[in-house]
Amino acid sequence: MDKMNLAKTLKALGSETRLKILKLLGCRRLSSANIYKEYAKGFRDGMHRESIYRALEKLVDAEILKKEYDETEKEIVYGLRHRRLIIDLINQKICEKVSEDC
């Protein structure tokens, strides 16, 4: 991952809403509608559905989440691309992405 992508990744992680979404997702894959429902139930901070969708897309753009079509459920779902990222601050890059099973 180059420096520009590192900046994009760090910027995407710099939002409390986006961090809450990552925590909420954990190791699951959920649709944006289900993420919104669980977010509204669990955090109660008045976020609108559109704001949650924009946060999801920013996480996808930063390659933190993956967005896939679930053939079984016939819907788009979001899930973590990697469970952990190891960042080298001196060389300004993401040195390792760990995709552990949950």
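The table for this structure:
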{"quantity": "Residues that are touching a residue at least 40 places away in the same chain (Cβ under 8 Å), of a type in the set (A, V, I, L, M, F, W, C) and buried (at least 17 other Cβ atoms within 10 Å of the Cβ), drawn from region 25-63", "calculated": "L25, L30, I35, A55, L59, A62"}
{"quantity": "Any hit, region 11-34, residues being under 22 Å from C95 (Cα atoms), out of contact with any Leu (no Cβ under 9 Å at 6 or more places or on another chain), at pLDDT 95 or above and among the β-branched types (V, I, T)", "calculated": "no"}
{"quantity": "Single condition S99 does not satisfy, out of (1) among the hydroxyl-bearing types (S, T, Y); (2) at pLDDT 95 or above; (3) more than 14 Å from L24 (Cα to Cα)", "calculated": "(2)"}
{"quantity": "Residue identified as in contact with a strand residue (DSSP E or B) (Cβ under 8 Å, 6 or more places away or on another chain) and assigned to a strand (DSSP E or B) among V60, V77", "calculated": "V77"}
{"quantity": "In region 26-66, the residues that are among the basic types (K, R) and within 15 Å of I76 (Cα to Cα)", "calculated": "R28, R29, R54, K66"}
{"quantity": "Filter result for the condition that a residue is of a type in the set (D, E, K, R) and modelled with pLDDT of 95 or more, over K58, K3, K41", "calculated": "K58"}
{"quantity": "Conditions (1) farther than 17 Å from T9 by Cα; (2) within 16 Å of the chain's Cα centre (by Cα); (3) surrounded by fewer than 14 Cβ atoms within 10 Å (Cβ to Cβ); (4) of a type outside the set (S, T, N, Q): number failed by E71", "calculated": "(2)"}
{"quantity": "Hits in region 37-61 (condition: basic (K, R) and closer than 13 Å to R18 by Cβ)", "calculated": "R54, K58"}
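The values are calculated or read from the model by the stated rules, or taken from the named source; none is laboratory data. Values in this document were obtained by computation on a predicted structure and should not be read as measured data. All Cβ positions, glycine included, derive from the backbone under ideal geometry; neighbour counts span all protein chains shown.
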